[in-house]
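Here the structure is laid out as structure tokens; the discussion comes afterwards.
Please treat every number below as a calculation from the coordinates, not as lab data. It should be emphasised that the depicted structure is a prediction, and the values quoted were computed from it without experimental measurement. No Cβ is skipped: glycine too gets one built from the backbone with ideal geometry, and neighbour counts run over all protein chains shown.
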Amino acid sequence: MILTYLKDNPKTSAPEIHNGLVNLNTNFSMSLSTLKRRLGGEFMKMNLVTSAGKGKGLKYSLTPEYQLIYPINVDEYFSFENRKIINRFNFTLIDSLEDARLFTDEEMEELQSLQRQYEHNISKLSLSVYQMEVERLSIDLSWKSSQIEGNTYSLLDTEILLKEQQTAKGKTVEEATMLLNHKKAIDFLLQNLDFFEALKIRDIEDIHSMLVEKLDVQRNLRKELVRIGGTDYIPLDNEHQIRESLHDACRIINSKKNVFEKALLTLVLLSYIQAFMDGNKRVARIVANGILITNNYCPISFRTVESVDYKKAMLIFYEQNNLNAFKQIFIEQFKFAVGEYFRVRIE
């Protein structure tokens, strides 16, 4: 309750927080002295709260790091028609991510355990079986990444298209092209395993060009305004600022030692910046997987995530600069990938 109040009321004194919580909730029974001990002790040590000023002028706010991972109830958040949002590009966001710890100790322990399981699994596979599993994951990723963007191909039709070059009846040429482009981009990464040792703008542009080939989508960085459905968040519309933000994003991602943080930041930042007229989330998913593959980590297909859940988690990052909901999707999909692919199977 204290943290929630601070989220909505930054730069607030302990007495103001106490009075506010008492007025909001008649069941709030914590004394002011206990509240002060929580704020100045436990919450400070956990890097949840920061303070400024002295004496009666002492004010508290959430730390930038905790604002990034503050738990948000997704259903409750979208139940409000008039959401209070950050509707313009936050120029301080990217730099604030440089020293931020994105995963809790428990989350990191789980992810590292899963990665060790993946390494154990692939050590047991023959080259031919490994390649079959890579192909299976590639098809799943091509299908789901396209489905999130509105493609109506089924997984089975996608497999037939990518393996046999046979289009599905009643589907558009554009849908087939989108899927084929995904597979081409993934195959390129698998053939160039060092491509994302250091993330660069030109490499992101190359992936975008692959993904929009033969589609009616403008290449190169945007020079005009783009709007995003379902939100009032408005990305940058200046090519110079877009390029500068991409440069900063690459710098922060490359500075991270933790591969999971690299991949997660790639997914959210490339989507947030919206550098291209279309295809930004597709680019983000392929580039993030390229980073995982380059570092010998298990790639993720996103196969079991619901498209609407993916979009809602992304909207929360756009509107609140909070990645907790998307982080949970990332963890669950990495867990699914390790459990589903690259395992010895007994028929």
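When the listed pairs LYS281/LYS312; LYS45/LYS311; LYS11/LYS84; LYS262/LYS327; LYS59/LYS311; LYS169/LYS312 are checked against a 24 Å cut-off, the alpha-carbon distance exceeds it for LYS45/LYS311; LYS59/LYS311; LYS169/LYS312.
Under 16 Å from the Cα of LYS163, which lysines turn up, not counting those fewer than eight places away in the same chain? Correct list for LYS163: LYS183, LYS184.
Could you tell me the convex hull volume per residue, in Å³, taken over the Cα atoms of the chain? Provide the component values of the computation, followed by the final result.
Numbers: hull volume 57.2 nm³, N = 347.
Given the Cα convex hull of the chain, per-residue volume reads 165 Å³.
Between the alpha-carbon centres of segment 1-46 and segment 244-293 there is a gap of 36 Å. Each 5 Å bin from 0 upward holds the following percent of the Cα-Cα pairs of segment 2-62: 4, 19, 33, 29, 12, 3, 0. Peptide packing: for 194-201, 164-171, 104-111, the average count of neighbouring Cβ atoms within 10 Å per residue gives the ranking 194-201, 104-111, 164-171, highest mean first.
When each pair of different Cα atoms in segment 175-261 is counted once in the 1/r mean, what is the Kirkwood radius in angstroms, to one decimal?
Working: mean 1/r = 0.0667 Å⁻¹.
When all Cα pairs of segment 175-261 are included, the Kirkwood radius is 15.0 Å.
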